[in-house]
There are 2 protein chains.
Amino acid sequence: MTALARAARRYLLPLFLLMAIAPSAQGTEVLASWDEGEAKQSIVRFVESVVAEGSADFVPVPERIAVFDNDGTLWGEQPLYFQLLFALDRIKALAPQHPEWKDKEPFASLLKGNVKAALAGGEPAIMQIVMATHSGMTTDEFDQIVSDWIASAKHPKTGRLYTEMAYQPMLEVLSYLRANGFKTFIVSGGGIDFMRVFSEDVYGIPPEQIVGSSGKTSFEIRDGAPLLMKLPEINFIDDKAGKPVGIHQHIGRRPIAAFGNSDGDLQMLQWTCSGPGPHFCLYVHHTDADREWAYDRQSSIGHLDKGLDAAADSGWTVVDMKKDWNRVFAFEK
Amino acid sequence: MTALARAARRYLLPLFLLMAIAPSAQGTEVLASWDEGEAKQSIVRFVESVVAEGSADFVPVPERIAVFDNDGTLWGEQPLYFQLLFALDRIKALAPQHPEWKDKEPFASLLKGNVKAALAGGEPAIMQIVMATHSGMTTDEFDQIVSDWIASAKHPKTGRLYTEMAYQPMLEVLSYLRANGFKTFIVSGGGIDFMRVFSEDVYGIPPEQIVGSSGKTSFEIRDGAPLLMKLPEINFIDDKAGKPVGIHQHIGRRPIAAFGNSDGDLQMLQWTCSGPGPHFCLYVHHTDADREWAYDRQSSIGHLDKGLDAAADSGWTVVDMKKDWNRVFAFEK
């Protein structure tokens with residue numbers, strides 16, 4: 001045995017032991033923006049149980065899949081979904097190239113600043129707005145458009161960048177899960193191409209771990225250069241019963257943890273929490289009208305009604321934002 | 001500074017230096033089933049250039065995305081795609097429950113053992129066979145069916161399990177890339193649900209890194225239990241121009257390395273090798289009628305015609321299986 005090997009044996013072993021102990025020693029620091037209470041404890045209890053080797057609830061690393069809704073779960077969604085606010089900004093930016101919009105709804109109302117009248121057309125009106133702003137360009141061009149917008153547009157209430165409106169306690173949950181061997185995915189009704197632009201920077205979630213709604217794309221070669229065109233045609237709606245379908249399509253195995261905030265997440269939570277092994281489901285309940293917004297059963301955005309009942313019936317964790325989070329946004333101080 | 005910290009600084013630094021040197025020291029052992037030659041050297045040259053920090057070709061780890069076709073690239077595809085052989089076996093297994101198949105093509109011919117007559121119906125006949133065997137059950141049930149088949153069915157020529165017909169040199173490429181920070185994906189015309197059953201065991205590629213053709217699924221709650229039903233309806237065909245579309249849909253960024261063997265992979269290679277940064281494209285050319293099969297421009301399975309020309313025009317690597325691989329299958333000795 002060389003001197004180096006002897007020294008390694010002598011000093012590395014204590015170091016490795018220290019490293020092995022570290023996760024639980026850090027236990028008191030994780031989830032710092034969460035108040036002590038049942039919500040936080042339920043997360044820690046679940047994570048500690050599935051990582052404990054030899055325990056009945058142990059889950060091997062490759063199966064530690066956690067899925068998160070985005071709007072209302074990882075970042076805000078009021079007064080309108082942020083992606084819809086992006087689309088409205090784009091309509092204004094594109095208006096000079098579309099003189100016909102002055103006399104055509106929903107564009108005419110939008111351009112007069114009357115969002116309510118524009119959206120009164122319901123889903124067909126929203127689809128017209130989405131298609132006009134999310135298709136007709138290459139995927140690279142769309143990336144650049146979103147990238148420019150997300151770096152500069154400000155939220156109408158807080159005056160902050162939209163990316164600053166990620167919930168600090170949820171960012172801590174993402175980090176905590178990843179530190180414990182989980183792979184974290186977004187599974188959102190929002191647009192997959194929209195979220196991928198900022199998900200890695202804001203959430204630490206790479207593009208290949210985003211599941212979302214999408215339009216069709218076509219592969220074309222233009223002037224010798226291959227490109228993907230975004231077409232004005234729906235490919236997949238990743239909402240409600242579409243969420244477990246999207247999870248199966250993209251991930252191919254059942255998650256063991258799911259986080260949502262609305263009835264649109266209910267089927268994702270049902271799918272996750274009916275798996276044969278250990279599982280964890282959590283609803284974020286928006287209860288803080290001062291620091292954020294308060295809404296649930298009556299809201300059109302982030303409608304949470306059946307989900308609240310299902311959570312009570314099934315023993316899922318329900319986060320009371322006002323009570324359980326000592327900080328909502330990182331910018332709060 | 002404690003004694004432990006002093007010792008760590010003294011002995012860990014040399015250890016880290018040793019570890020940093022290790023990858024190139026191992027360089028001579030990687031790709032052991034590849035003969036020395038331009039094909040092997042082109043792979044090593046590419047990998048060494050993108051991992052060299054500070055070099056102009058350096059690519060950060062998250063962007064090291066490599067995509068592999070499956071049939072004919074990672075495992076065999078003759079005399080028929082293995083998934084089609086699975087479907088034919090299933091037709092026989094299901095025949096007792098379908099007395100009507102005795103008088104209905106393509107089933108009648110199949111059950112008489114006349115595969116050629118059954119497949120004479122072309123794509124519609126194949127679709128009927130695929131739908132009869134890949135839908136009408138839950139995703140969990142389908143997993144189990146494939147799992148049982150892949151563990152026991154034998155290839156008609158080699159008498160080996162199909163999973164033993166993975167190409168040893170390509171398994172080494174997968175490992176070599178992953179050891180250098182690449183994330184490896186399958187992007188195949190084959191069924192996503194079929195490949196996911198064995199991809200982790202055989203290729204070390206987890207289900208969430210498989211892109212493939214798929215049928216639609218529906219989320220249902222039956223007797224209180226959520227499930228996903230496989231429907232007899234095409235969702236996506238991941239072939240030809242569908243491959244870059246599938247890559248965008250599942251991965252969300254352009255790969256920097258792509259491996260294929262047929263014209264069905266051409267658009268995937270074009271998409272990968274027209275990226276702005278460093279990139280690498282490789283075609284496996286089936287040239288070894290003794291150890292495997294020899295086919296290209298005239299073959300209906302693994303048809304490689306335009307791809308060969310594009311490879312020559314673009315300077316892509318073309319592997320001559322007979323010359324470049326000293327071993328095709330691990331079982332060879």
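Looking at the range A:248-257, which of its residues are within 12 Å of chain B (Cβ to nearest Cβ) and not in a helix (DSSP H, G or I)?
Of the residues in the range A:248-257, the ones within 12 Å of chain B (Cβ to nearest Cβ) are A:248-255.
Once the filter is applied, which keeps residues that are within 12 Å of chain B (Cβ to nearest Cβ) and not in a helix (DSSP H, G or I), the range A:248-257 yields A:Ile251, A:Gly252, A:Arg253, A:Arg254, A:Pro255.
Looking at the range B:174-184 only, could you name the residues that are facing another protein chain (nearest Cβ under 9 Å) and either out of contact with any strand residue (DSSP E or B) (no Cβ under 7 Å at 6 or more places or on another chain) or buried (at least 22 other Cβ atoms within 10 Å of the Cβ) (or both)? Steps first, please.
Step one: filter the range B:174-184 for residues facing another protein chain (nearest Cβ under 9 Å), giving B:183.
Across the range B:174-184, there are no qualifying residues.
B:Ser213 passes all but one of (1) touching a Gly at 6+ places or on another chain (Cβ under 6 Å); (2) part of a helix (DSSP H, G or I); which number fails?
The failed condition is (2).
State all residues of the range B:45-80 that are closer than 25 Å to B:Glu292 by Cβ, among the aliphatic types (A, V, I, L, M) and open to solvent by 10 Å² or more (accessible area, probe 1.4 Å); if no residue qualifies, say none.
Within the range B:45-80, B:Leu80 is the sole residue that qualifies.
Answer yes if at least one residue in the range A:307-316 is over 19 Å from A:Ile43 (Cβ atoms), away from chain B (no Cβ under 14 Å) and not aliphatic (A, V, I, L, M), and no otherwise.
Scanning the range A:307-316, I find at least one residue that is over 19 Å from A:Ile43 (Cβ atoms), away from chain B (no Cβ under 14 Å) and not aliphatic (A, V, I, L, M), so the answer is yes.
What about A:Ser152, is it part of a loop (DSSP other than H, G, I, E, B), among the small types (Gly, Ala, Ser) and open to solvent by 40 Å² or more (accessible area, probe 1.4 Å)?
Yes: the conditions hold for A:Ser152.
Check off (1) out of contact with any helix residue (DSSP H, G or I) (no Cβ under 7 Å at 6 or more places or on another chain); (2) within 12 Å of chain B (Cβ to nearest Cβ) for A:Ala289 and give me the number that stays unchecked.
With respect to (1) out of contact with any helix residue (DSSP H, G or I) (no Cβ under 7 Å at 6 or more places or on another chain); (2) within 12 Å of chain B (Cβ to nearest Cβ), A:Ala289 is out only on (2).
State yes or no: is B:Pro278 within 30 Å of A:Phe198 (Cβ to Cβ), under 15 Å from the mean Cα position of the chain (by Cα) and surrounded by fewer than 21 Cβ atoms within 10 Å (Cβ to Cβ)? It would help to see each step written out before you state the result.
Numbers: within 30 Å of A:Phe198 (Cβ to Cβ): yes; under 15 Å from the mean Cα position of the chain (by Cα): no; surrounded by fewer than 21 Cβ atoms within 10 Å (Cβ to Cβ): yes.
For B:Pro278, the condition - within 30 Å of A:Phe198 (Cβ to Cβ), under 15 Å from the mean Cα position of the chain (by Cα) and surrounded by fewer than 21 Cβ atoms within 10 Å (Cβ to Cβ) - is not met.
Could you give every pair whose Cβ atoms fall below 7 Å, whose first residue belongs to the range A:153-166 and is in contact (Cβ under 8 Å) with a residue 60 or more places away in the chain, and whose second residue is polar (S, T, N, Q), counting only separations of at least 6 or pairs across chains?
That search, which allows pairs on different chains as well, returns A:Met165/A:Thr158.
Looking at the range B:147-160, is at least one residue farther than 24 Å from B:Lys333 by Cβ and of a type in the set (Asp, Glu)?
The answer is yes; a qualifying residue exists.
Between a first residue in the range B:263-292 that is part of a strand (DSSP E or B) and a second residue that is surrounded by fewer than 18 Cβ atoms within 10 Å (Cβ to Cβ), which pairs have beta carbons less than 6 Å apart while being 6 or more apart in sequence or on different chains?
What qualifies is B:His285/B:Asp320; B:His286/B:Ala294; B:Thr287/B:Ala294; B:Thr287/B:Asp320; B:Thr287/B:Lys322.
Only one of B:Gly136, B:Gly122 is exposed (fewer than 14 other Cβ atoms within 10 Å of the Cβ), within 22 Å of B:Asn235 (Cβ to Cβ) and over 21 Å from the mean Cα position of the chain (by Cα); which? Full working, then the answer.
Details: B:Gly136 fails: exposed (fewer than 14 other Cβ atoms within 10 Å of the Cβ).
Going through B:Gly136, B:Gly122 in turn, the sole match is B:Gly122.
Criterion first (surrounded by fewer than 23 Cβ atoms within 10 Å (Cβ to Cβ), facing chain A (nearest Cβ under 9 Å) and either in contact with a helix residue (DSSP H, G or I) (Cβ under 8 Å, 6 or more places away or on another chain) or in a loop (DSSP other than H, G, I, E, B) (or both)) does B:Ser299 satisfy it?
On the way: surrounded by fewer than 23 Cβ atoms within 10 Å (Cβ to Cβ): yes; facing chain A (nearest Cβ under 9 Å): no; either in contact with a helix residue (DSSP H, G or I) (Cβ under 8 Å, 6 or more places away or on another chain) or in a loop (DSSP other than H, G, I, E, B) (or both): yes.
Here the answer is no, as B:Ser299 does not meet what is asked.
Results for (1) part of a helix (DSSP H, G or I); (2) closer than 30 Å to A:Asn326 by Cβ, shown as yes or no for each residue.
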position	(1), (2)
A:Trp101	yes, no
A:Gly113	no, no
A:Ala117	yes, no
A:Phe142	yes, no
A:Gly159	no, yes
A:Pro169	yes, yes
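Within the range A:230-242, work out how many residues are at the interface with chain B (Cβ under 10 Å from one of its Cβ atoms) and either open to solvent by 30 Å² or more (accessible area, probe 1.4 Å) or touching a Lys or Arg at 6+ places or on another chain (Cβ under 6 Å) (or both).
4
For (1) modelled with pLDDT of 95 or more; (2) in contact with a Ser or Thr (Cβ under 8 Å, 6 or more places away or on another chain); (3) on the phi < 0 side of the Ramachandran plot; (4) not hydrophobic (A, V, I, L, M, F, W, C), each residue gets a yes or a no:
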site: A:Gln41; (1), (2), (3), (4): yes, no, yes, yes
site: A:Phe46; (1), (2), (3), (4): yes, no, yes, no
site: A:Ala52; (1), (2), (3), (4): yes, no, yes, no
site: A:Val59; (1), (2), (3), (4): yes, no, yes, no
site: A:Trp75; (1), (2), (3), (4): yes, yes, yes, no
site: A:Lys92; (1), (2), (3), (4): yes, no, yes, yes
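Which condition number does B:Arg178 fail, the rest of (1) in contact (Cβ under 8 Å) with a residue 60 or more places away in the chain; (2) of a type in the set (Lys, Arg); (3) over 15 Å from B:Leu85 (Cα atoms) being met?
Single failed check for B:Arg178: (1).
Starting from residues that are polar (S, T, N, Q) and closer than 30 Å to A:Val197 by Cβ, keep the ones in the range B:254-275 and report whichever is surrounded by the fewest Cβ atoms within 10 Å (Cβ to Cβ).
First, the residues of the range B:254-275 that are polar (S, T, N, Q): B:261-262, B:267, B:270, B:272, B:274.
Filter again for closer than 30 Å to A:Val197 by Cβ, leaving B:267, B:270, B:272, B:274.
On the way: B:Gln267: 23, B:Gln270: 23, B:Thr272: 28, B:Ser274: 16.
The selected residue is B:Ser274.
Can you tell me which of A:Val245, A:Val202, A:Val197 is β-branched (Val, Ile, Thr), at the interface with another protein chain (Cβ under 9 Å from one of its Cβ atoms) and open to solvent by 10 Å² or more (accessible area, probe 1.4 Å)? Even if it seems obvious, please write down each step before you answer.
Details: A:Val202 fails: at the interface with another protein chain (Cβ under 9 Å from one of its Cβ atoms); A:Val197 fails: at the interface with another protein chain (Cβ under 9 Å from one of its Cβ atoms).
Going through A:Val245, A:Val202, A:Val197 in turn, just one is β-branched (Val, Ile, Thr), at the interface with another protein chain (Cβ under 9 Å from one of its Cβ atoms) and open to solvent by 10 Å² or more (accessible area, probe 1.4 Å): A:Val245.
Can you tell me which residue within the range A:217-229, out of those that are of a type outside the set (Val, Ile, Thr) and at the interface with chain B (Cβ under 8 Å from one of its Cβ atoms), is least open to solvent (accessible area, probe 1.4 Å)? Walk me through it before giving the result.
Taking the range A:217-229 as the starting set, the residues that turn out to be of a type outside the set (Val, Ile, Thr) are A:218-220, A:222-229.
Now narrow it down to the ones that are at the interface with chain B (Cβ under 8 Å from one of its Cβ atoms): A:218-219, A:225-226, A:228.
Details: A:Ser218: 29, A:Phe219: 30, A:Ala225: 48, A:Pro226: 18, A:Leu228: 1 Å².
The residue in question is A:Leu228.
Output the number of the condition that B:Ile210 fails; it satisfies all remaining conditions of (1) open to solvent by 20 Å² or more (accessible area, probe 1.4 Å); (2) modelled with pLDDT of 95 or more.
Among (1) open to solvent by 20 Å² or more (accessible area, probe 1.4 Å); (2) modelled with pLDDT of 95 or more, B:Ile210 violates only (1).
The values are calculated or read from the model by the stated rules, or taken from the named source; none is laboratory data. These figures come from a predicted structure and were not determined experimentally. Every residue, glycine as well, gets a Cβ built from its backbone with ideal geometry; the counts of neighbours run over all protein chains shown. Accessible surface areas use protein heavy atoms only, side chains included; no ligands, DNA or RNA. Shrake-Rupley method; radii C 1.70, N 1.55, O 1.52, S 1.80 Å.
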